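Worksheet: the structure to be examined is printed underneath.
No value in this document is a laboratory result; all are computed from the given coordinates. No experiment lies behind these values; they were computed from the predicted model shown. Here the Cβ positions follow ideal geometry from the backbone for every residue, glycine too, while neighbour counts run over all protein chains shown.
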Amino acid sequence: MSFAIIAVFTVAGALAAMTLRNLVHCVLALVVAFTGLAGLYLQLGAQFVGFAQILVYVGAVAILIVFAMLLTQSHEPLAHLTVAPGWVTSSLVAVAVFVILAWSIRSSAVGARSIQPRPEITVRNIGDSLMSQFVVPLEVTGLLLTAALVGAVTIAMREQRMNR
């Protein structure tokens with residue numbers, strides 16, 4: 001039951017992110033979709049992927065999108081909604097691809113295989129190896145991301161001063 005509720009929230013968030021006209025509302029809907037995916041990962045037993053989804057997509061990407069919107073704010077009026085002329089054809093192609101993929105998954109031999117025992121990898125084991133064996137790459141990655149953020153803010157501030 002909880003799987004169905006989380007799945008509905010995820011799909012609703014994704015559909016809202018695609019259809020809403022206000023960019024801020026689209027970002028909030030995207031955050032709902034990302035959070036729903038994280039909930040699905042956690043419910044399926046993939047703790048590391050679920051927590052990475054929360055940290056990377058819900059946290060970092062959503063904040064990055066909000067900052068990009070604020071830094072590149074346009075004063076032009078919104079364009080009217082236009083629909084591409086080939087929307088019917090593209091919808092039919094998407095449905096056909098979905099049907100072919102669903103049929104191939106249902107008829108594949110993957111479902112007939114026996115279930116392998118679960119490996120003994122936990123979030124704690126991954127955290128321990130990140131803080132012992134891979135601490136230098138982790139720190140270098142954090143430093144690189146910090147430098148990129150400082151550079152982006154510096155460029156945005158320079159452009160803002162030039163526009164005044």
- Evaluate Rg over Rh across the range 1-62, taking Cα atoms for both radii and Kirkwood's formula for Rh. 1.00
- Average projected area of the Cα convex hull of the range 124-164, in nm²? 3.3 nm²
- Message: Using a 10 Å cut-off around each Cβ, can you sort Thr146, Thr35 from fewest to most neighbouring Cβ atoms?
- Response: Thr146, Thr35
- Query: Which option, (i) 33, 15, 14; (ii) 29, 20, 15; (iii) 34, 30, 14, is the value of semi-axes √(5λ) of the Cα gyration tensor in Å that was calculated from these coordinates?
  - Reply: (iii)
- GNM flexibility winner over the chain from Gln116, Gln133, Gln53 (Cα, springs under 10 Å): Gln116
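For Ser104 and Ile155 in the same chain, what is the full-extension length gain: residue separation times 0.36 nm, less their Cα-Cα distance, in nm?
The span from Ser104 to Ile155 would gain 13.5 nm if fully extended.
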- Of the DSSP H helices in the chain, those whose Cα atoms cover at least 18 Å axially and whose Kyte score averages 1.6 or more: 2-19, 23-43, 87-106
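Just want the ordering: Ile126, Ile121, Ile115, Ile6, from fewest to most Cβ atoms lying within 10 Å of their own Cβ.
So the residues, fewest neighbours to most, are Ile115, Ile121, Ile126, Ile6.
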